[in-house]
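Student: Have a look at this one before I ask anything.
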Amino acid sequence: MRAFRAGERWALGELIARHKTAAYNFALRQVRQPDLASDVVQDAFVRVVQGATEFRESARFSTWLFTIIRNLCIDHARKQVHRRHPSLDAQRPGEDGEGPTLGDLVPDPNVRIDREAEGPTLRKRIQTAVDALPDEQREVFLLREVANLAFKEIAEVTGVPENTVKSRMRYALERLQEALAEYEELARTL
């Protein structure tokens, strides 16, 4: 970031290359729409460029970036409250209430056969379990597990004490363990 602020344009490319995957994964888990997650990440990097002079060198770049992404996701969620029609990326109605999106219907050629039978059910159960977490716990869980941020960085991103972050993570893990207990044996065999 220091090099970019000094006018070295290559440095922005390096920052994007280093952080784009984790940033996208975090945004995707928050907004649950691939195209929207891409837009959020793109907007975040635009804000990085626009706000380069505001970056504090005492902070980690990833902490600043995930704070920007978090705020963009919160802004999106607020706008969704007023939306009158469903997104094309939203789940389609199915027999059990919610069906797959078009993206979910594309098969993954790299899936192992032993996982293929349980895969769709397990994926849906994991997503449901993560979605069922209270907002504060889900946010901490995603920042830790998807974005790979340290607890101290999560505290900076969310604006709560580090011990509160750790408590939220512990409660999230306990809830997930409860919700997914029936798959514990399957996880040991894979």
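The values are calculated or read from the model by the stated rules, or taken from the named source; none is laboratory data. Note that the structure is predicted; figures quoted are calculated from it, not measured. Cβ placement follows ideal geometry from the backbone for every residue including glycine, while neighbour counts extend to all protein chains displayed.
One line per residue, one yes/no per condition, for (1) more than 18 Å from LYS79 (Cα to Cα); (2) surrounded by 13 or more Cβ atoms within 10 Å (Cβ to Cβ); (3) not β-branched (Val, Ile, Thr):
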position	(1), (2), (3)
ALA22	yes, yes, yes
ALA27	no, yes, yes
LEU36	no, yes, yes
VAL41	no, yes, no
ALA44	no, yes, yes
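Student: Collect the residues in region 29-75 that are among the aromatic types (Phe, Trp, Tyr) and either in contact with a Phe, Trp or Tyr (Cβ under 9 Å, 6 or more places away or on another chain) or in contact (Cβ under 8 Å) with a residue 40 or more places away in the chain (or both), keeping them in residue-number order. Before the answer, list the steps.
Tutor: So in region 29-75, the residues among the aromatic types (Phe, Trp, Tyr) come out as 45, 55, 61, 64, 66.
Hits for region 29-75 are PHE55, PHE61, TRP64, PHE66.
Residue by residue, here is whether (1) on the phi < 0 side of the Ramachandran plot; (2) at pLDDT below 75; (3) assigned to a helix (DSSP H, G or I); (4) not assigned by TED's automatic domain parsing to the domain that holds VAL40 holds:
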position: ASN71; (1), (2), (3), (4): yes, no, yes, no
position: GLY99; (1), (2), (3), (4): yes, yes, no, yes
position: VAL140; (1), (2), (3), (4): yes, no, yes, yes
position: LEU143; (1), (2), (3), (4): yes, no, yes, yes
position: ALA147; (1), (2), (3), (4): yes, no, no, yes
position: ALA172; (1), (2), (3), (4): yes, no, yes, yes
position: GLU185; (1), (2), (3), (4): yes, yes, yes, yes
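Student: Name, by its number, the condition in (1) modelled with pLDDT under 90; (2) among the charged types (D, E, K, R); (3) outside any loop (DSSP other than H, G, I, E, B) that does not hold for ARG47.
Tutor: (1)
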